[in-house]
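*Asks:* First the structure, which I've put down as structure tokens, then a few questions once you've had a look.
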Amino acid sequence: MTQTEITPFGTGQPILTLTDAAAKQARKLMDRAESTAIGLRVGIKTAGCSGLQYQVEFASEQKQFEDKIEDKGVTIFIDPAAVMFIIGSEMDWLEDKFASSFTFKNPNETARCGCGESFTVS
């Protein structure tokens, strides 16, 4: 497996995996990023109808306590506050006529708002 195996809390599951489409888009974004960007950071924030929302941004450094995942030629840093909410998730890239974005298939989600912008984990 090309991913650095990080399986927190003895779960046996990686925190996050990337689809080929997500990895391709991440590499494209990194090619266009400022020279200080060393990867992408995935976290969550409180937002939306269901309470939580995924957040993806450029990372210029690895912050204290962040997990580092290397998958398909992409470096992803996981915000430590997000780990317990996204263990076992798959990050994908979807694109259609009207929108394009990273999406997450998260086995921990117990609900998602109608528009799909936020989620709940119980």
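Each value in this text was obtained by applying a stated rule to the coordinates, not by laboratory testing. Values in this document were obtained by computation on a predicted structure and should not be read as measured data. Cβ atoms come from the backbone with ideal geometry, glycine included; neighbour counts cover every protein chain shown.
*Asks:* Give me the net charge of Ala33's neighbourhood, meaning all other residues with Cβ under 11 Å from the Cβ of Ala33; Lys, Arg count +1, Asp, Glu -1.
*Replies:* Details: positive: Arg27, Lys28, Arg32; negative: Asp31, Glu34, Glu57.
Once positives and negatives cancel, what remains is 0.
*Asks:* To continue, here is another question. Output needed: percent of Cα pairs per 5 Å distance bin for the stretch 8-121, bins running from 0 to the one holding the longest distance.
*Replies:* 2, 11, 22, 25, 21, 13, 5, 1, 0
*Asks:* Follow-up question, since we're still on this one. Residue by residue, what Karplus-based ³J(HN,Hα) values in Hz, rounded to whole numbers, does the stretch 86-101 have, using 6.51, -1.76 and 1.60 with θ = phi - 60° and x for Gly and Pro?
*Replies:* Values, residue by residue: 10, 3, x, 7, 10, 9, 10, 10, 10, 9, 9, 5, 10, 7, 8, 6 Hz.
*Asks:* A follow-up question, please. Pulled fully out, how much extra length does the chain show between Thr46 and Asp20, if you take 0.36 nm times their separation in residues and subtract their Cα-Cα distance? Each step should come with its number before you reach the end.
*Replies:* Values: separation 26, 0.36 × 26 = 9.36 nm, distance 2.82 nm.
Computed gain between Thr46 and Asp20 is 6.5 nm.
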